[in-house]
Each structure stands twice: as C-alpha cells, then as structure tokens.
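Comments concern the structure below.
Coordinate-derived values only; no laboratory data. Keep in mind the model is a prediction, meaning the values are calculated, not measured. Neighbour counts are summed over all protein chains in view; Cβ atoms, including those assigned to glycine, are modelled from backbone coordinates with ideal geometry.
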Ligand SMILES: Cc1cc2nc3c(=O)[nH]c(=O)nc-3n(C[C@H](O)[C@H](O)[C@H](O)COP(=O)(O)OP(=O)(O)OC[C@H]3O[C@@H](n4cnc5c(N)ncnc54)[C@H](O)[C@@H]3O)c2cc1C
C-alpha cells in the first residue's frame, strides 16, 4: 500500500468548502450558543445540507462515499474556524462506521441516510463509572427475553444524549458476564422506557452536554443488536479507530485556531519601541514549536485515516492511538502558548481562549486517555511487558 504525503485535489476542495461555511459561524456563534445553554443546530444542519456530516457514509445509503480521511478533514477545518462539532466524532464516525461495516441491510437502510444528512444524531455509550479506562470491566448486561433484549446497567460521561435520537450502547451478553469483554452493540432510542438521564455539569462551556445514564430493564427489539453478539472486539474497533482519528482531527483544528490567533497578535502587538512582540524569541519560538508539533500530529492523523480507509485495521489502530495522543498534546500546548502570547487579554471572555484552554484538556482524557495510549504503544509498538 502506498500512502501519499499530499492530499488529493478533491480533499483540498472539500477542506476549502468546509472552511468557508464554518467561517460564516465561527467561534463567536459557538460561544454565544454555549453560553445561552443552546445547541449549534444551525451549524449542524448547514453541514448536513452540504453533505459534510455524512461524507464517509456509503453513497448507496445517502452519504458522500468518501473515507475517514475526508470526515477527519471536515472536522479539522470546522474546528480550525473555532466551530467544532463534537457529535461528528460520535454520529457519523463511530456509529455510522459500525453500522456500515457490521449492520444488517435493514439497519443500514433505517439509520445511515439520517446519520449522513445529520437529521438523525447518534450518541455512543461505553464508559461506566466503575470501569472507566478499563472497558473489560463493564457490567451493563443484555439479556435475551423471547424476541427482546433487556438492558440493565449504567453509563457515564455520554455526550449529546439530549440531542441524539438513538445511541449505540456497549453491553455484555448475560452469558459473558465475566472474563474478557465480548462487546455486544445495541441501538437504543434516547426516549426508551426505563432509560434515565442525569446531566453532568462541566467546567468548560460547550454546546454539547455530558450525561450519566441508568438502564432499568430497557427493553429493545431483537433487531436492536448491531453485528454478531459473538463478533468480538473488531466490531467495536470498527468505530473506536474512527473515534480516535476524529479526536485527533478535532484537536489539530483547535490547535490551528489557537496558533492563528496567537500569530496574528504576535505580529501586531507592540509594547517595546517599534517591534511587535513576535520579534522576541521568547514569543516566536514557542509558536514555531507549536507549528512543528501540529504538523507532526496532522501527519499521524492523516496516516491513521489512510490506513483505516485502506482496510488495514490493525496498523490503523496503532496510528489512530498515536495520532490521538499527538492531537491531545498539541491542542493543550497550542492553547497554553496562545493564552501566554496574548498576555492579560488571553484570559478575557471576549477572546474566548480561556474556555478553550480548559476544553482542550479533554483531548488528553477522552475517548482514551494519554496514559492508556502510552500503555498501548509501550506494549504493542515496543513489545514491553503489560503494566496493568
Ligand atoms: C467531555 C467528555 C465527553 C465524553 N464523551 C463520552 C461519550 O460520548 N461516550 C463514552 O462512552 N464516554 C465518553 N467519555 C468518557 C471518556 O472516554 C473517559 O472519561 C475516559 O475513557 C477515561 O475514563 P475515566 O474518566 O473513567 O478515567 P479513569 O479510568 O478513572 O482514569 C483516571 C486517570 O487514571 C489514569 N489511568 C487509568 N488506568 C491507568 C493505567 N493502567 N495506567 C496509567 N494510567 C491509568 C487515566 O489515564 C486517567 O488519567 C467522555 C468524557 C468526557 C470528559
């Protein structure tokens, strides 16, 4: 397989179209909606109408027929305009990919056109309070009862349940209560009887909210199961690798946004004679370092997406993890440098970088933490002993 170092003309054109649409909204729109406690629905709908949300979904199900590299490019460009759409990481990337690869023909016809157009929003629920990073310990259980599945358990930090129509829930089947995780995936409507939602207040302001969920014997039809109940981990990773690639895309975009703001300011802010502050190496070098590390992260992200699109899931997994790590680091570093470059203005509400500085920490925690990626790379890439 050969992976080029430059993107195709089509991908470049896609980036330009996304950039100009996202720029019409920009960070000001997102911040205002978030502060009012409202969603960025107009932005989402506009992205849907332009075919950006479903760019990775197969054409026969209403999508653009592109790959994860295209979807990642869309999210990166939106994010670079200060207008990231967190639910793109979940709805078309995780849930869309899993249904497209593992779903039945009926499930594809039922769900993919809506996910592609953005009219259907899908959330994804794997994290549990007592399992956290150790997904092998999840205890949410799916039990067969005649033609139905009955789901019992709890999830936490699930994004966007209030704006989603459906969510893909990761559970264990009753006969797989112990031992290694044998994930079974279920589509659950967000208004299902027996589902309780509790909002988790967060210290950063964003349009997307996080939720703790309680499943009290939620009854689902037999066709809620996506894939094979004994299908194993690959079905889950058909969605988790895209999630990590999209996490990297979002954080690379955040870093681009912060870097651009900081560079503009460093070129124009003058406090010593006629020189702008960017003439001082104390300001210029951290910005140059961010630029280099950002390009490293973007290369990893593009390589991971290209591997996933080429069907090399195993190697894609390794690069998706490394890209997610690099993206999380560069978003945090870029926001930190951008705030410092702005001096006191860096923390004003008007500039909006302070809130993003906190939000960027998410890239080191979710969907998989920096430490768990280091564990993975130490063990799988370097062959070191398992440490946990
Ligand atoms: C804003 C937000 C949105 C989210 N959205 C979703 C969502 O939509 N769906 C979903 O399912 N989940 C979601 N999550 C959950 C997210 O994936 C988890 O928070 C993440 O996987 C870490 O799990 P945890 O918070 O339980 O941390 P823990 O597992 O409790 O870890 C705590 C700390 O210990 C470290 N640690 C744990 N084990 C090890 C080890 N073996 N070696 C070294 N260090 C270790 C971790 O890296 C971390 O720093 C979201 C989280 C947030 C904050």
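With the simple spin-label model, which puts each label point 7 Å out from Cα in the Cβ direction, the residue 197 to residue 5 separation comes to 4.7 nm.
Using just its DSSP H runs of length 4 or more, each adding -39500 (n - 2.57), the chain gives a mean residue ellipticity at 222 nm of -15500 deg cm²/dmol after division by all residues.
Ordering 37-49, 275-287 by mean Cβ neighbour count within 10 Å, with the highest value first, yields 37-49, 275-287. Ranked by the mean number of other Cβ atoms within 10 Å of their residues, highest first, the peptides 60-70, 163-173 fall in the order 163-173, 60-70. Take the Cα of residue 350, go 7 Å toward its beta carbon, and the backbone nitrogen atoms of the range 221-262 under 17 Å from that spot belong to 261-262. Each label was represented as a point 7 Å from its Cα along the Cα-to-Cβ direction; for residue 162 and residue 274 these points are 5.4 nm apart. Computed on the range 123-226, with alpha-carbon pairs under 8 angstrom and 6+ residues apart, the relative contact order is 31 percent. Roughly how many Å is it from the Cα centre of the range 344-378 to that of the range 114-176, as a whole number? About 25 Å separates the Cα centre of the range 344-378 from the one of the range 114-176. From least to most packed, judged by other beta carbons within 10 angstrom and beginning with the fewest, 19, 155 follow the order 19, 155. Legend: calculated FRET efficiency, residue 36 to residue 16, from the Cβ-Cβ distance at R0 = 41 Å, rounded to 0.05, equals 0.85.
Counting Cα-Cα pairs of the range 207-353 in 5 Å increments starting at 0 gives whole-percent bin shares of 2, 9, 14, 14, 13, 11, 10, 9, 6, 5, 3, 2, 1, 0, 0. Centroid-to-centroid, using Cα positions, the range 24-100 and the range 214-285 are 13 Å apart. Peptide packing for 131-138, 301-308 was compared via the average number of neighbouring C-beta atoms within 10 Å per residue; ordered from the highest value, the list is 301-308, 131-138.
Explain nothing, just the number: relative contact order of the range 233-381, from Cα pairs under 8 Å at least 6 residues apart, as a whole percent. In percent, rounded to a whole number, it is 30. Rg/Rh for the range 31-148 (Cα atoms only, Rh after Kirkwood) is 1.03.
Across the range 1-119, C-alpha contacts under 8 Å between residues 6 or more apart give a mean separation that, scaled by the residue count, equals a relative contact order of 30 percent. When every Cα-Cα distance of the range 316-388 is counted in 5 angstrom steps from zero, the calculated P(r) takes the values 3, 17, 21, 17, 13, 10, 8, 6, 3, 1 percent. Annotation for residue 139 and residue 315: the two label points, set 7 Å from Cα along the Cα-Cβ direction, are 4.2 nm apart.
May I ask for the equivalent-ellipsoid semi-axes of the chain, computed as the square root of five times each C-alpha gyration tensor eigenvalue and listed largest first in whole Å? Walk me through the numbers before you get to the answer.
Working: eigenvalues 259, 94, 88 Å².
Semi-axis lengths for the chain are 36, 22, 21 Å.
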